[in-house]
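Bear in mind these aren't lab numbers, they're just calculated from the coordinates by the rules spelled out. Just so you know, these numbers come straight off a predicted model, no measurement behind them. Methodologically, a virtual Cβ is constructed for each residue, glycine included, from the backbone with ideal geometry; neighbour enumeration extends over all protein chains shown.
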Amino acid sequence: MKDFKDKVLVVTGAGSGIGSAIAKEGALRGMKVVLNDIDSEGVNRTLEEIKKMGGEGVTQCADISLLENVQALYDLTMNTYGRVDILVNNAGVSVSGPVWEIPIQDIRWITEVNLLSHTYGMNVFLPKMIEQGTEAAVVNVASTAGVMISPNAVMYHATKFADIAQTESTSLALKARGINNIQMHALCPAFVQTTIHESDKHRPERYADLSDDYYKSQEFKAGYIRSARQVLGGIPIDSVGLTVFTALEDNKFYIWTHPESIIPASQRLGNMVNGRNPA
Ligand SMILES: NC(=O)c1ccc[n+]([C@@H]2O[C@H](COP(=O)([O-])OP(=O)(O)OC[C@H]3O[C@@H](n4cnc5c(N)ncnc54)[C@H](O)[C@@H]3O)[C@@H](O)[C@H]2O)c1
């Protein structure tokens with residue numbers, strides 16, 4: 001995809017970090033933006049910044065992990081612009097800890113945001129992209145955590161591996177049916193300086209009860225500190241929007257913010273191929 005001017009870009013979780021950066025890069029290229037976030041202040045701030053750049057768009061403040069809100073985002077897009085050219089399923093949260101300790105509500109929360117909201121996005125928006133028949137793209141924001149493993153964020157890895165799998169499989173499913181106007185992409189960032197370690201601030205109501213003793217545990221506190229150190233030690237956000245749009249232009253399925261991320265990924269595959277256990 002080379003031409004972005006006057007096309008329509010939909011971004012979930014656009015109130016900060018990577019989603020906001022992609023939205024602004026799209027606006028720089030003349031795209032109209034439809035921005036979602038559960039954080040109304042954040043998403044309105046992103047749109048204000050875009051307007052100052054001379055761009056235009058609309059916002060939806062809603063929990064995108066609920067199917068009805070994905071449907072409402074689609075309706076907003078159609079009612080405002082009547083088409084969709086690029087969908088970026090970016091909303092994501094961070095949950096650390098071993099699967100036998102973290103509360104079930106956290107397992108549901110991270111699965112619904114990191115995986116199912118992206119699934120719903122494809123389910124709801126792809127039929128329109130197929131019907132339009134014009135060049136279109138879907139970017140699912142996964143992670144290098146979707147191609148490698150570590151001991152401290154089991155559900156984060158699980159959701160990101162699944163997100164990459166659904167993106168790869170959808171790409172094949174489109175091609176197998178002769179649908180060639182839609183590019184699929186998996187963005188696999190390593191650490192980027194955002195606010196992902198503060199995800200707890202954006203818990204939906206149904207998962208906001210923190211009375212479980214786990215939230216007072218050393219494991220929980222250590223998870224926060226580890227996550228903050230990793231994220232704040234990452235690369236600045238500045239280059240990420242450009243990285244994504246360059247990959248859209250070049251139709252590169254896998255988008256890396258850190259090209260060296262492929263090394264731990266290939267080590268994991270090497271273990272599989274050579275009959276070794278996970279390490
Ligand atoms: N920052 C990193 O180091 C890094 C690395 C790999 C992958 N990622 C992925 O990048 C994506 C964006 O994260 P980020 O780093 O920009 O973090 P961020 O916290 O700065 O941005 C995430 C945005 O998603 C929003 N959000 C959370 N739950 C939501 C919901 N239910 N509905 C709608 N919006 C919701 C938040 O309010 C926030 O504005 C995530 O999918 C994350 O997993 C980030």
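Values for this structure:
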item	result
Rg(Cα) / (2.2 N^0.38 Å) computed for the stretch 115-177, rounded to two decimals	1.26
Cα convex hull of the stretch 1-108, projected area averaged across orientations, nm²	7.5
For the stretch 103-185: relative contact order, % (alpha-carbon pairs under 8 angstrom, 6 or more apart)	38
Mean Cβ neighbour count within 10 Å, used as a protection proxy, ranking 260-267, 65-72 highest first	65-72, 260-267
Convex hull volume per residue for the stretch 8-273, taking Cα atoms only, in Å³	125
Cα Rg, Dmax (largest Cα-Cα span) when computed across the stretch 127-241, Å	17.9, 53
Per-peptide average of other Cβ atoms within 10 Å, ordering 24-37, 165-178, 75-88 highest first	24-37, 75-88, 165-178
Relative contact order, percent, the chain [alpha-carbon distance under 8 Å, six or more residues apart]	19
Distance between the stretch 240-274 and the stretch 120-185 - C-alpha centres, whole angstrom	14
Local electrostatic count, residue 97, Cβ distance below 14 Å [Lys/Arg +1, Asp/Glu -1]	-3
Long pairs among 5/201; 32/175; 2/51; 24/175; 5/51; 24/252, criterion Cα-Cα beyond 25 Å	5/201; 32/175; 24/175
Cβ crowding within 10 Å averaged over residues, with 248-258, 91-101 ranked highest first	91-101, 248-258
More than 22 angstrom apart: percent of Cα pairs within the stretch 53-158	40
